[in-house]
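In what follows, a single structure is set out as structure tokens and then discussed.
Taken together, the values in this text are just the output of simple stated rules run on the coordinates, not laboratory data. All figures in this text were calculated on a predicted structure; none of them were measured in a lab. Counting neighbours? That spans all protein chains shown, and the Cβs are built from the backbone with ideal geometry, glycine included.
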Amino acid sequence: MNIAKIMIPKISTVFLHEKQTVRQGWEVMTRGGYTAIPVLDDEQRYIGSVTEGDFLRYAFSVGSLDKLDMEKQRVGELVRREFCPPISMDASEEEVIAASLNQNFVPIVDSRNTMCGIITRRGVIAYLAEKNRIGNS
């Protein structure tokens, strides 16, 4: 499988940086209607993802949705490092399919763990459907 063919490049994806405020992260998430977003460090390395639930848990823990309160914390404090584990650019088709079964999107990283882009479950299904169509022609 050529991951680069089905990957959405990082420049075309939405992601957060760990030093952004919770308010900034929440605004990006709600504006885009996302349920989860990758989080990167200063070197553009993938460190994990944040979900709607992470923001809601934060709001409940501090007891406030006040924008000023949301400016005090950073996205890096909410990130779940085990959520949406990445795979490498040279992952096998089996690894891509297995990851896609468990996640709506799969972060793709290079050998330095720098995020290159994402593969969506929809993209994997489209790839497999096309592969099956060509194979049955």
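Values for this structure:
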| read-out | value |
| --- | --- |
| Selection status of Cys84, touching a residue at least 12 places away in the same chain (Cβ under 8 Å), out of contact with any Leu (no Cβ under 6 Å at 6 or more places or on another chain) and in a loop (DSSP other than H, G, I, E, B) | yes |
| Of residues in segment 5-24 being farther than 19 Å from Gln103 by Cβ and not polar (S, T, N, Q), the one surrounded by the fewest Cβ atoms within 10 Å (Cβ to Cβ) | Ile11 |
| Matching residues in segment 56-77 - criterion: being surrounded by 15 or more Cβ atoms within 10 Å (Cβ to Cβ) and out of contact with any Ser or Thr (no Cβ under 9 Å at 6 or more places or on another chain) | Tyr58, Ala59, Asp69, Gly76 |
| Which numbered condition Arg112 misses (of (1) in a loop (DSSP other than H, G, I, E, B); (2) free of Cβ contacts under 8 Å to residues at least 60 places away in the same chain; (3) farther than 15 Å from Pro38 by Cα) | (2) |
| The lone exception for Ala59 - which of (1) closer than 20 Å to Gln24 by Cβ; (2) of a type outside the set (S, T, N, Q); (3) in contact (Cβ under 8 Å) with a residue 12 or more places away in the chain; (4) assigned to a helix (DSSP H, G or I) it fails | (3) |
